[in-house]
Amino acid sequence: MDFSLFLNFRIRLLLSLMLLVVVVTVTTIYLTERNAQDRYQEALDAKFHEQMRLFSGLQDARRRAILDKCRALSGSVRLRAALEEKDVEDLYRNALTELQGVFGLDYTKGQGTETQGARAVFFRFVDAKGLILPPGEFPAGQLSQESLDVALVPIAQALRNLKDQTVGYIAVSEEGGLAALREVVLTKLLDWDGKNLGGLILGFGVREAISADASHDGASASGIWLSNGLYINTALSAGDRTQLIQRISQAVIQRSTGHFAVTKDNQAYLLFYKSLDPNTQLAPAYEICLYPLAASIEQRRVLRWKIIGVGGLILLGGIIGSLFLAKYLLQPVDPIVAG
């Protein structure tokens, strides 16, 4: 038997086997990781939409009650008369009576971080030209009044094109947390002939869709994207905030809901976003939720090494088997080689 022929054939067989095992192993790793990643994203997507469904259900029930109350207030004879006569003092005096059960300051003293509930934390009236009518000495929600009145300007101006009512959000401070936001309800007031008299703005604290302490549901943080600003219930470094702002601003232009991968504190996350009210006539706002991917990455890493281990065992078995297979396949050739 020609040993060099046996050796060359064995090497070619071994290389072919190694190539086959490597290709199969790499393909298996890719397909398995891709499948695991898709399943994990689908699970997070389902969890996000379920959380948003529950949150929206509570929001919608609360909003309906508020919108109905505001609609009823818009028919108040005393408020209509005061607006028509431009008697601001009488307007706010009557409003404090009319808004009992709807308006009531309820915030943490010294912090200005209202919690969302059935009661408004401020109210303002707007004249027919879209100008804010200041409450003067009346307690209509005096917290950060200067910044509040500035933030309400675009809301008041939206009254001109408003048919009935709309809901939106405003930022009343430069902070990056949810405490900087207020949810606002704008209701148009008309006289008996349908003439525009002005409007009523009610403001409410913003509730977290997902608590900052949300280890039980997998999400690490939630917030709101509004007018190219990110208001979220977790601390962000300057670099992370810039990255998130750039990614979100690009994403919301293309779709009203979706998700994409981001990094925060050098850790991988999946960011979900969804429009809070696609029909709003004010600046659009989006709910933002961050889900950590550390568990998924660790799961895929363990799975990858399991597949590599199995591939290694197959390769080792192939090396041993190739010795016997090559010898067996060369047996019919030996007489020819011996000549």
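Assorted remarks:
- Members of region 183-201 that are in contact with a strand residue (DSSP E or B) (Cβ under 6 Å, 6 or more places away or on another chain) and modelled with pLDDT under 85: D191
Matching residues to (1) crowded, with 17+ Cβ neighbours inside 10 Å; (2) under 36 Å from the mean Cα position of the chain (by Cα); (3) modelled with pLDDT of 85 or more:
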position: L58; (1), (2), (3): no, yes, no
position: A61; (1), (2), (3): no, yes, no
position: L73; (1), (2), (3): yes, yes, no
position: D90; (1), (2), (3): no, no, yes
position: Y107; (1), (2), (3): no, yes, no
position: Q111; (1), (2), (3): no, yes, no
position: E114; (1), (2), (3): yes, yes, no
position: A118; (1), (2), (3): no, yes, no
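- Among the residues making up region 282-294, those that are over 14 Å from the mean Cα position of the chain (by Cα) and either of a type outside the set (G, A, S) or in a strand (DSSP E or B) (or both) are L282, L293.
- First in region 149-163 and touching a residue at least 40 places away in the same chain (Cβ under 8 Å), second anywhere and in a helix (DSSP H, G or I) and surrounded by 14 or more Cβ atoms within 10 Å (Cβ to Cβ), Cβ under 7 Å, 6 or more apart: none
- Under the condition of being under 11 Å from the mean Cα position of the chain (by Cα) and part of a strand (DSSP E or B), the residues counted in region 265-281 number 6.
- Any hit, region 131-143, residues being at pLDDT 80 or above and in a strand (DSSP E or B): yes
- Per the listing F125, F103, the residue uniquely at pLDDT 85 or above and crowded, with 18+ Cβ neighbours inside 10 Å is F125.
- Options V333, V262, V252; residue that is under 30 Å from P154 (Cα atoms) and either modelled with pLDDT of 85 or more or in a helix (DSSP H, G or I) (or both): V252
- Flag for R241 being surrounded by 15 or more Cβ atoms within 10 Å (Cβ to Cβ), at pLDDT 85 or above and out of contact with any Pro (no Cβ under 9 Å at 6 or more places or on another chain): yes
The values are calculated or read from the model by the stated rules, or taken from the named source; none is laboratory data. Treat the numbers as computed from the prediction; the structure is a model and nothing was measured. Positions of Cβ are generated from backbone atoms using ideal geometry, with glycine treated the same way; all protein chains shown enter the neighbour counts.
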